[in-house]
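Below you'll find the structure, written out as structure tokens, and then a few comments.
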Amino acid sequence: MSDEDDFMMSDGESYEFEFEDDDDERDDQHMEGSDEGNDEGSPESLYYKAKSVKQDDPKRAIEIFSSVLGCAGDNTETVEYKFKSLKQILKLLYKHDDADDLSEWALKIFDLPLEKLPRGYVEDSFSRMLEAYSGAPKEDQLHFLETFLSKFHGSDRITMKASLKRIFLLLELRQFDRMLAYLARLHTKLDSMPEITRNAYLLELYAIEIQAYSETNNVPKLRELYKKTLSIQSTIPHPSINAVVKECGGKMHMRDENYELASDEFYESFKNYDEIGNQKKRIQVLKYLIVSSILNKNEINKFESQETKYFLKNNEILKFVKLLQSFDRLDNHGFTTLYKELLISEKSDPFMIDTLTKIRAVLKIKLLVHYIKPFKRVSLDRLSGDLRISQNDIEDIFLKLRANGEVPNVRLDLVDGIVYNE
């Protein structure tokens, strides 16, 4: 996983604490010599002794690795074995779900004189640690990141990586005020960076903000952020970032009734969520794609593409497919049944509820226009009874259609309650 890959984690996604597996060979090559012929109490001997028992007796291994930290001296070799021992302890604690001790031991790293070790080696280790620690409980991650950022004084790359992780954790913990405060600080920091570097991080920050304001349904702010993302052209975003931006764009276009553009954005968002394996979000965005296709007059339905066909067997998606089919058949009864079910199952999503309501209104129009075609005159009572639409809704619909010039031959007699199709 690259440094750019760890920006946003999908639901249920975690990273295994595997950085030390990769580091073992690298660390051993990095240090010359072995424990042969050395004092059994030397940092080197203790380190390799602990490694030899860590598979069979992890608790004993932790004890021995801990003894390395008590070795006297602060020469480069001693510091390096202490650093490596701490990384091994963290791995073992994580593997055995000891999150409390994990945070405590992680902080001991900053007590070491790390300036005695090669900077690249230390920063590479920290980078791997930041990725691996993402699998720990969120509060423990946050505690570690807060301390890390207060003590680490290395490269901007590592600092930005840790800062973004902290902000995203606050988003997941729904601590929006703290998250937005840290975001403001990062924006200030980015203002002093070169444009290429700034743009590389800006899109990530906008994507996090989009998620935060989506939680609070702040439409004006979302519209502002989406426009800002469109101005950044000099970077290729990671799929996890692009998925969020495209989803936001689809919602903005839906609200503006640009349904074809909305479908395009939702389709791109779905493909990106699918690429990163975020099951919850790809299902949700596929629902958006289906409802946008209902309102989109383009006959090409993207949810029937090769990428989306696999998910059409999903029970949640099937309901939306059936909703579309009942809409196309002008099956008012079938549509209404599904519509009522979806209003309940999707009640936590204001955008979806608004969209479903809009689709219901469009169907009423289609039903009325289709129903009166064979008649020269029909009573409002009959229309209301057969279509199960209130007379007030029928009057409003025909008055709007006539005002827009969509039904020039229809005349509504409100006094006698008759609709004429001349």
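The values are calculated or read from the model by the stated rules, or taken from the named source; none is laboratory data. Because the structure is a prediction, the values reported are computed rather than measured. Here the Cβ is made from the backbone with ideal geometry for all residues, glycine too, and neighbour counts use every protein chain on show.
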Residue hits (region 343-362; of a type in the set (A, V, I, L, M, F, W, C), surrounded by 14 or more Cβ atoms within 10 Å (Cβ to Cβ) and farther than 15 Å from Val285 by Cα) are Leu343, Ile359
Members of region 326-336 that are assigned to a helix (DSSP H, G or I) and either hydrophobic (A, V, I, L, M, F, W, C) or surrounded by 14 or more Cβ atoms within 10 Å (Cβ to Cβ) (or both): Ser326, Phe327, Asn332, Gly334, Phe335, Thr336
Determine which member of the set Arg128, Arg185, Arg178 is of a type outside the set (A, V, I, L, M, F, W, C) and modelled with pLDDT under 90. Arg128
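What number of residues in region 247-289 are β-branched (Val, Ile, Thr) and out of contact with any Ser or Thr (no Cβ under 9 Å at 6 or more places or on another chain)?
So the first thing to find is which residues in region 247-289 are β-branched (Val, Ile, Thr), and the list is 276, 283, 285.
Still in the list and also out of contact with any Ser or Thr (no Cβ under 9 Å at 6 or more places or on another chain): 283.
Number satisfying all stated conditions: 1.
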Checked against (1) under 17 Å from Tyr288 (Cα atoms); (2) out of contact with any Leu (no Cβ under 6 Å at 6 or more places or on another chain), Leu380 satisfies every condition except (1)
Only one of (1) surrounded by 12 or more Cβ atoms within 10 Å (Cβ to Cβ); (2) among the charged types (D, E, K, R); (3) over 26 Å from Glu257 (Cα atoms) does not apply to Lys366, and that is (3)
Give me the residue from region 247-275 that is among the basic types (Lys, Arg) and within 20 Å of Ile353 (Cα to Cα) and, out of that set, nearest to the chain's Cα centre (by Cα). Lys251
Against the definition (surrounded by 12 or more Cβ atoms within 10 Å (Cβ to Cβ), closer than 21 Å to Leu330 by Cα, of a type in the set (D, E, K, R) and without any contact (Cβ under 8 Å) to a residue 40 or more places away in the chain), how does Asp386 come out, yes or no? yes
Evaluate region 338-358: report whether one residue or more is within 30 Å of Asn421 (Cα to Cα) and of a type in the set (Val, Ile, Thr). yes
Name every residue in region 37-82 that is surrounded by fewer than 17 Cβ atoms within 10 Å (Cβ to Cβ), under 15 Å from Trp105 (Cβ atoms) and small (Gly, Ala, Ser), in order of residue number. Ser66, Ser67, Gly70
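Looking at region 254-263, is at least one residue touching an Asp or Glu at 6+ places or on another chain (Cβ under 9 Å), crowded, with 18+ Cβ neighbours inside 10 Å and not aliphatic (A, V, I, L, M)? Give the derivation first.
Residues of region 254-263 touching an Asp or Glu at 6+ places or on another chain (Cβ under 9 Å): 254-255, 262.
From what's left, crowded, with 18+ Cβ neighbours inside 10 Å: 254, 262.
Cutting the leftovers down to not aliphatic (A, V, I, L, M) gives us none.
No: region 254-263 contains no residue that is touching an Asp or Glu at 6+ places or on another chain (Cβ under 9 Å), crowded, with 18+ Cβ neighbours inside 10 Å and not aliphatic (A, V, I, L, M).
Picking from Lys297, Lys309, which residue would you name as being assigned to a loop (DSSP other than H, G, I, E, B), among the charged types (D, E, K, R), on the phi < 0 side of the Ramachandran plot and more than 21 Å from the chain's Cα centre (by Cα)? Talk me through it step by step, then tell me what you get.
On the way: Lys309 fails: assigned to a loop (DSSP other than H, G, I, E, B).
It is Lys297.
What residue, of Ala207, Ala132, is closer than 30 Å to Glu80 by Cα, under 22 Å from the mean Cα position of the chain (by Cα) and among the small types (Gly, Ala, Ser)? Give the derivation first.
Numbers: Ala207 fails: closer than 30 Å to Glu80 by Cα.
Testing whether each residue is closer than 30 Å to Glu80 by Cα, under 22 Å from the mean Cα position of the chain (by Cα) and among the small types (Gly, Ala, Ser) leaves just Ala132.
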Being part of a helix (DSSP H, G or I) and under 25 Å from Lys347 (Cα atoms) is the filter here; which residues of region 178-216 pass it? Ala207, Ile208, Glu209, Ile210, Gln211, Ala212, Tyr213, Ser214, Glu215
Screening Leu149, Leu114, Leu130, Leu107 for residues that are of a type in the set (A, V, I, L, M) and more than 19 Å from Ser163 (Cα to Cα) leaves only Leu114
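Rundown of residues vs (1) outside any helix (DSSP H, G or I); (2) aliphatic (A, V, I, L, M), yes/no style:
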{"site": "Gly73", "(1), (2)": "yes, no"}
{"site": "Ser85", "(1), (2)": "no, no"}
{"site": "Trp105", "(1), (2)": "no, no"}
{"site": "Glu123", "(1), (2)": "no, no"}
{"site": "Phe126", "(1), (2)": "no, no"}
{"site": "Met129", "(1), (2)": "no, yes"}
{"site": "Tyr133", "(1), (2)": "no, no"}
{"site": "Leu145", "(1), (2)": "no, yes"}
{"site": "Phe148", "(1), (2)": "no, no"}
Just a yes or no: is a residue in region 94-102 under 16 Å from Phe152 (Cα atoms), assigned by TED's automatic domain parsing to the domain that holds Thr147 and of a type in the set (Phe, Trp, Tyr)? no
Before we move on, is Leu399 free of Cβ contacts under 8 Å to residues at least 40 places away in the same chain and touching a helix residue (DSSP H, G or I) at 6+ places or on another chain (Cβ under 6 Å)? no
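Restricting the search to region 349-389, which residues are among the polar types (S, T, N, Q) and in a helix (DSSP H, G or I)?
As a first pass, look at region 349-389 and keep what is among the polar types (S, T, N, Q): 355, 357, 379, 384.
Answer for region 349-389, where residues must be among the polar types (S, T, N, Q) and in a helix (DSSP H, G or I): Thr355, Thr357, Ser384.
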